[in-house]
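Structure first, commentary second.
Just so it is clear, none of the values below were taken in a lab; they were calculated from the coordinates. Note that the structure is predicted; figures quoted are calculated from it, not measured. Please note: Cβ atoms are built from the backbone with ideal geometry, for glycine as well, and neighbour counts cover all protein chains shown.
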Amino acid sequence: MSQLVKNISLKSYNSFGIDARAKQFFEFSEAEQLISFCKSIDIKDKEVFILGGGSNVLFTKDFNGLILHPVIKGIEITDETDSTVLVKVGAGEIWDTFVEWAVNNNYYGIENLSLIPGYVGASPVQNIGAYGVEVKDIIESVETIDIYDLTNRTFSNKDCEFEYRDSIFKSKLKSRFLITHVNFRLKKNGQLKTHYGNIETELKNFSAINLENVRQAIINIRQQKLPNPNEIGNAGSFFKNPIVSTDKANELKLEYPNIPTYPAGSRLTKLAAGWLIEQSGWKGKSIGDAAVHKNQALVIVNKANAKGFEINNLADMIVNSVFRKFGISLEKEVIIL
Ligand SMILES: Cc1cc2nc3c(=O)[nH]c(=O)nc-3n(C[C@H](O)[C@H](O)[C@H](O)COP(=O)(O)OP(=O)(O)OC[C@H]3O[C@@H](n4cnc5c(N)ncnc54)[C@H](O)[C@@H]3O)c2cc1C
């Protein structure tokens, strides 16, 4: 299946529910369809954006170019050892469907990433992470098509240059390589990671600690904590947690003894962006229909009919006040278009 639609509303294609329009929207389920389509147009002249589930983007205006929307399906074991399986997954599979598949088949490694919205193809882009696990820990390689010269290229884990909520696909090679498949190495007998956040407390409600229950515990915690984008538009954490020098963190600790800090490598410390935003007085504040969530200061929501630029303006105001109070520049995690 492939189709080109012109002047399409993107409202149902982004989790903020922003009613922006795209000039052209090409959806395809096979890599070959993308190649023949790109051969039939002059892609070099166009502004191009690759859209998965739209759960990490904010459209601040209509998109006057071409959106490529891969819905390539398939979950296939391509290699097996005594202790692991290599699984090739199509970019258009829903991420959480893949996690559910892994848990149902007793494969370990991605259970802590349960219920993250979006497609598998986007998972390497910002190196999705939650509850002490990042997808870089499980990715073996990423298969792509260079949309400009239409060649295939497979990136090894190292080639992807994974960082905290970042990779080569979000930085240097942004919008050039379309990810068609991701290869994940999962374990047959992995160790459960339950020391993070409230997992252990939540697991007390279960009769046993096993793979299935860890997934369910994480689903329960996330459902209590995060607003459901099907009910209220949002893109999860709007900002990255800032990483600062440990000297800077120590300075802040003198002035704000309660500031949460986490070690982040040699002489580096991670701060909680949500705490900084809350302390700057933004939790629960609205400007029109753009609002900071009442329970989670890191999440900006669309209460009803906010425009993308209004949400972005609110985000800019937050960045400015956090900088004024703490001298820290928050970086947006969400991709602004
Ligand atoms: C309620 C909520 C909770 C969230 N929680 C988390 C969390 O815990 N951890 C976390 O890391 N993220 C979280 N997110 C953010 C989001 O779910 C992830 O970033 C997810 O991977 C985005 O997937 P998507 O398919 O929606 O990508 P999109 O938003 O469509 O795109 C994101 C980026 O990936 C690129 N991209 C998408 N598909 C491809 C492809 N096939 N090839 C090349 N580039 C591509 C896009 O161009 C864009 O730059 C959350 C979001 C929401 C709404």
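Side notes on the structure shown:
- For the residue pairs Lys136/Lys325; Lys39/Lys240; Lys136/Lys187, the alpha carbons lie more than 26 Å apart in Lys136/Lys325; Lys39/Lys240.
- The stretch between Asn250 and Glu331 holds 27.1 nm of extra length on full extension. This uses 0.36 nm per residue minus the Cα-Cα distance.
- Shape category assigned to region 168-277 from the gyration tensor of Cα positions, a/c cut at 1.5: oblate
- In plain terms, the C-alpha convex hull of region 233-336 casts an average shadow of 6.3 nm² when viewed from every direction.
- Mean-position separation - Cα centroids, region 14-76 and region 214-265, in angstrom: 30
- Along each principal axis, taking the top coordinate minus the bottom one, the Cα set of region 75-225 gives 54, 35, 23 Å in descending order.
- Most to least packed among 177-188, 70-81 [average Cβ atoms within 10 Å]: 177-188, 70-81
- A crude spin-label estimate for the pair Lys39 and Lys204, with each label 7 Å from Cα along the Cβ direction, gives 6.3 nm.
- Distance violations [Cα-Cα > 26 Å] among Lys248/Lys283; Lys23/Lys294; Lys6/Lys294: Lys23/Lys294; Lys6/Lys294
- Between the amide H of Ala235 and those of Ile300, distances stay under 5 Å, these residues lying 5 or more places away or on another chain, with hydrogens modeled in the peptide plane.
- Anchor Lys270: aspartates and glutamates whose Cα lies under 19 Å away (excluding residues fewer than 8 positions away in-chain): Glu134, Glu163, Asp166, Asp247, Glu251, Glu255, Glu278, Glu331, Glu333
- Sites Ser12 and Asp149, calculated FRET efficiency, Cβ-Cβ separation with R0 25 Å, nearest 0.05: 0.15
- Rounded to the nearest Hz, the phi-derived 3J(HN,Hα) couplings of region 198-210 under the Karplus curve 6.51 cos²θ - 1.76 cosθ + 1.60 (θ = phi - 60°) are 9, 4, 4, 4, 5, 5, 5, 7, 10, 7, 8, 9, 9, where x marks glycine and proline.
- Prolate/oblate/rounded label for region 1-84 (Cα gyration tensor, a/c 1.5): oblate
- For the chain, the Kirkwood estimate of hydrodynamic radius, built from reciprocal distances between every pair of different alpha carbons, is 21.1 Å.
- Theoretical FRET efficiency, 1/(1+(r/R0)^6), r = Cβ-Cβ of Asn228 and Ser171, R0 45 Å, to 0.05: 0.90
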